[in-house]
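The values are calculated or read from the model by the stated rules, or taken from the named source; none is laboratory data. The shown structure was predicted, so the numbers you read here are calculated from the model rather than taken from an experiment. Here the Cβ is made from the backbone with ideal geometry for all residues, glycine too, and neighbour counts use every protein chain on show. Only protein heavy atoms, including side chains, enter the accessible area calculation; ligands, DNA and RNA are left aside. Shrake-Rupley method; radii C 1.70, N 1.55, O 1.52, S 1.80 Å.
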Amino acid sequence: MTVMKSLMGAVAAVALSAGAALAEPALIFDLGGKFDKSFNEAAFTGAQRWAEETGNSFREIELQSEAQREQALRRFAEAGANPIVMAGFAFGDALGQVAGDYPDTSFVIIDMVVDAPNVRSVVFNEHEGSYLVGMLAAKASKSGTVGFIGGMDIPLIRKFACGYAEGVKAVNPDATVIANMTGTTPAAWNDPVKGSELTKAQISQGADVVYAAAGGTGVGVLQTAADEGILSIGVDSNQNHLHPGKVLTSMLKRVDNAVFEAFQDGPGLETGFSVMGLSNGGVGFAVDDNNAPLITAEMQAAADEAATKIATGEIKVHDYMSDDSCPALSF
């Protein structure tokens, strides 16, 4: 009987290994779609890089409504997808409902923390990268007034704005930072017309550099900034190429790396809390052929020095989400 149990156990282990090897990972995009040129597209880039490097395939879905979050998670879990990665804080509640029902499935959520034994929660120090592009904005500004346009008014986006304002003030304590949010519902992530209107309003108040942290809405911000002859700053993905010579830089949030690593680690990946910041390449700013003429050697050196000091703890950038306050900006 003992021998038979051992044999059965061995067969089960082999079957489990084979199943794990055959499992395809899955990626669920947030509202706004995978080609939003920002957050979702960064996630897609990471998944695509994994597929190209490994020759394997992954499953994906673009949500059309809030109601689909839990449905998509359950559908992929039932189909055997593993791991399942979701891009966006708004999956938190749905994942909290689903994770316990599929203990053998590994889940990865970006921008939210869900405490479950089979969940990896990945968050970013967006305030650190935003501080660096704030420094660059202040150095590029001729008027002394710069702008910030966020998407949905949530603590996460205020975290971007606060870090940005601190970076601006570190260079020019007398600078004015104008901050606006696009809205209070998920529709704020995909409203380029409203983004354009807010940009024009900030320009009328003297802003000559505008940072957009607004998902698909940011496309309207960058377009209007280019049309009106001011500089913009992109976010999440490298958006410098959208308007060469008109986008000062982009604050890189390496969502692509988070997705790539999750897919690479595969079923049974290490779970828990993961923070990606300047110290481990999780955030940064983009310099390429499209914006090189806009970034002087002095600007680059100053931002690089600040990045090193932030990474080592010598410079502390305030995290709005730590206490719902910002010493450099009023909302």
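Compute the accessible area per residue over the chain, keeping the other protein chains in place, probe 1.4 Å, unit Å².
It amounts to 43 Å² per residue over the chain.
Calculate how steeply helix 217-228 sits against the longest principal axis of the alpha-carbon atoms of the chain, using the helix alpha-carbon long axis, and give the answer as 0 to 90 degrees to the nearest 10.
30
Sorted by average packing, counted as other Cβ atoms within 10 angstrom per residue and highest first, what order do 207-213, 30-36 take?
Result, highest mean Cβ count within 10 Å first: 207-213, 30-36.
In terms of the Cα gyration tensor, with a ≥ b ≥ c the square roots of its eigenvalues, is region 178-308 rounded because a/c is under 1.5, prolate because a/b exceeds b/c, or oblate?
The shape class here is oblate.
Between Asp319 and Ala79, what is 0.36 nm times their sequence separation minus the Cα-Cα distance? Round to one decimal in nm.
Here the answer is 82.5 nm.
Beta carbons within 10 angstrom, averaged per residue: use that to sort the peptides 319-330, 104-115, highest first.
Answer by packing, highest mean first, reads 104-115, 319-330.
Would you work out if region 251-325 is rounded, prolate or oblate? Take a ≥ b ≥ c from the square roots of the eigenvalues of the alpha-carbon gyration tensor; rounded if a/c is under 1.5, else prolate when a/b is larger than b/c, oblate otherwise.
Because a/c hits 1.5 or more and a/b fails to exceed b/c, region 251-325 counts as oblate.
In degrees from 0 to 90, rounded to the nearest 10, what is the angle of the helix 126-140 Cα long axis to the longest principal axis of the chain?
Between helix and principal axis, roughly 20 degrees.
At most 14 other Cβ atoms within 10 Å and a DSSP loop assignment: could you name the GluC sites (Glu not before Pro) in region 25-92 that fit?
Glu66
Using mean Cβ contacts within 10 Å as the protection proxy, how do 141-151, 189-199 order, highest first?
Taking the mean over residues of other Cβ atoms within 10 Å, the ranking is 141-151, 189-199.
Let a ≥ b ≥ c be the square roots of the eigenvalues of the Cα gyration tensor of region 62-127; is it rounded (a/c under 1.5), or, if not, prolate (a/b larger than b/c) or oblate?
oblate
In degrees between 0 and 90, to the nearest 10, how far off the longest principal axis of the chain does helix 39-54 point, with axes built from Cα atoms?
With both axes taken from Cα atoms, the answer is about 50 degrees.
Considering only protein heavy atoms and a probe of 1.4 Å, how much of the accessible area of the chain is carbon and sulfur, as a whole percent?
Ligands and nucleic acids excluded, carbon and sulfur reach 52 percent.
At q = 0.11, 0.12 Å⁻¹, what is the base-10 log of I(q)/I(0) for the chain according to the Debye formula with one equal point scatterer per Cα and no solvent? Please give it to two decimals.
Result of the Debye calculation: -0.68, -0.80.
Given only helices, namely DSSP H runs of n ≥ 4 each adding -39500 (n - 2.57), what is the per-residue ellipticity at 222 nm of the chain, to the nearest 500 deg cm²/dmol?
The per-residue figure over the chain is -13500 deg cm²/dmol.
Show me the trypsin sites (Lys or Arg not before Pro) within region 230-331 that DSSP assigns to loop and that have at most 14 other Cβ atoms within 10 Å of their Cβ.
Of the trypsin sites (Lys or Arg not before Pro), the ones in loops of region 230-331 whose Cβ has at most 14 other Cβ atoms within 10 Å are Lys316.
Hey, got the dipole for the chain? About the Cα centre, +1 on K and R Cβ, -1 on D and E Cβ, debye to the nearest 20?
Roughly 60 debye for the chain.
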